[in-house]
1. Can you pull out the GluC sites (Glu not before Pro) in region 1-77 whose DSSP state is coil and whose Cβ has at most 11 other Cβ atoms within 10 Å?
2. Could you order peptides 143-150, 365-372, 184-191 by the average number of other Cβ atoms within 10 Å of their residues, highest first?
3. Please arrange Thr73, Thr171, Thr299 by how many other C-beta atoms lie within 10 Å of their C-beta, fewest to most.
4. ³J(HN,Hα) across region 221-235 via Karplus (A = 6.51, B = -1.76, C = 1.60, θ = phi - 60°), whole Hz, x for Gly/Pro?
5. Considering lysine pairs in the chain that are 8 or more places apart or on different chains, how many have Cα atoms under 26 Å apart?
6. Please identify which residues in region 256-300 have an amide N closer than 20 Å to a label point set 7 Å out from the Cα of Tyr57, following the Cα→Cβ vector.
7. Taking every pair of alpha-carbon atoms in the chain, what share in percent sits in each 20 Å bin, from 0 to the bin with the longest distance?
8. GNM on the chain, C-alpha springs below 10 Å: top fluctuator among Tyr67, Tyr32, Tyr139?
Amino acid sequence: STAVAEQSVAEPLPVLGRDVTVPLVTGGEVTYAALDYAASAPALQRVWDDVAAYAPYYGSVHRGAGYLSQLSTDLFENARKTVAEFLDCRDEDQVVFTRSTTDSLNLLAAALPADCQVYVFETEHHASLLPWREARVTYLDAPRTPAQAVATLERALAERDPAGPALVCVTGASNVTGELWPVRELAAAAHAHGARIVLDAAQLAPHHPVSLRELDVDWVAFSGHKLYAPFGAGVLAGRSDWLRTAEPYLAGGGASRKVSRRSDGGVDVEWHDTAARHEAGSPNVIGAYSIASACKALTEAGFDALVARERYLIDTVRAGLAEVPEVRVLSLFGDDAARVGVISFVVEGWNSSHFAAALSAEYGIGVRDGLFCAHPLLRTLLGSDPQSQGECGAPEAAPGEKSLNAIRVSFGAGTPDEHVERFVGAVK
Ligand code: PMP
């Protein structure tokens, strides 16, 4: 079993909601232990403060001559630069602000060149599994080691016609097992076969530095609400060529450079060839600004320190769960896999939804239960057809029925030691 340190190496970063108390069915109340970071992490206090300081001054972006409009435009465009630095973008890369990871990947899917062949592991979150369905897609079987993932991709790519365009889409860290995927090796395999690669960093970016240069990926997508910023904004960053020539994702103001009536009565449009091409409509300046603020806060805290802290949290949860014989932790790559603070498990004899509900009602702990928008992966991990009546939410099951979905506990930079210690005690 894993040796666990006495306590973590540093203080958690201050986040919203850390003093919120919730009632317990057993009487009294307790501070809420938010252990569902993989769904949405609490916003950093620092991000909230930055937004509050800016809020009185916000104005229209890109359109106004007034002082506050110019201030907002500067903040929006500076946010783009901050995100580009955070992701260690190459000079030719573009940062497009979107609504979320789901939106970013759908935008890229809409910008694929004709006849693009897409390769995606069946283990992906639905946001990275499903947007490509209009293209030709090869679904790859779940690998059981990181090396097998690379070998599986190489085998599939070797069969393709290297003259045509191809895209690989892969997650950096699983939203179910927390396991890290061999992104650099997969990128090398993709490029060796003339394919491009997009990284779904929704679960990776909050926990580890993501460098487009170092990983040598063509695009990266992530969501603000998992990166300690509030809801409503995300990012697609990377190569501009496919995006520059694609039809705009949304047609409207801001995406167009020039619009004119033709002599035959129709309308001609010249679209921008910058990020603005895919950002039609009034932009979410607060969303972009809050993402930039979170990027700065995480960089200042330092990923080395954040990773070291998270190691204590991961070890505590894994060692605690290992002491409960009825618990089975779900894993593709096994005990030695590198992982982030996302751990899913089932408890023999328990319905996962009831178990999660009891953690909330009796201990004030918020976890997630269900299939985590990754049905094929859950099927592989559970070795049977999971119950599903809701795509991402908790499926219904009769009282006492054997659980065929799972429980997920997830945490990060704002998690105090006490939350994971309370969780382990509650499970025991
Ligand atoms: N990819 C992964 C790996 C995720 O965990 C999630 C969110 N659970 C998404 C994509 C989609 O993110 P969003 O809901 O913010 O679009």
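None of the figures in this text is laboratory data; all of them are computed from the coordinates on show. Here the structure is a predicted model, which is why all the values come from computation and not from measurement. All Cβ positions, glycine included, derive from the backbone under ideal geometry; neighbour counts span all protein chains shown.
1. Glu6
2. Ranked by mean Cβ neighbours within 10 Å, highest first: 365-372, 184-191, 143-150.
3. Lowest to highest Cβ neighbour count: Thr299, Thr73, Thr171.
4. 10, 8, 10, x, 6, 9, 10, 6, 10, x, 5, x, 9, x, 9
5. So the count works out to 5.
6. 283-297
7. In whole percents, the pair-distance histogram is 25, 55, 19, 1.
8. In this elastic network of the chain, the residue with the biggest mean-square fluctuation among Tyr67, Tyr32, Tyr139 is Tyr67.
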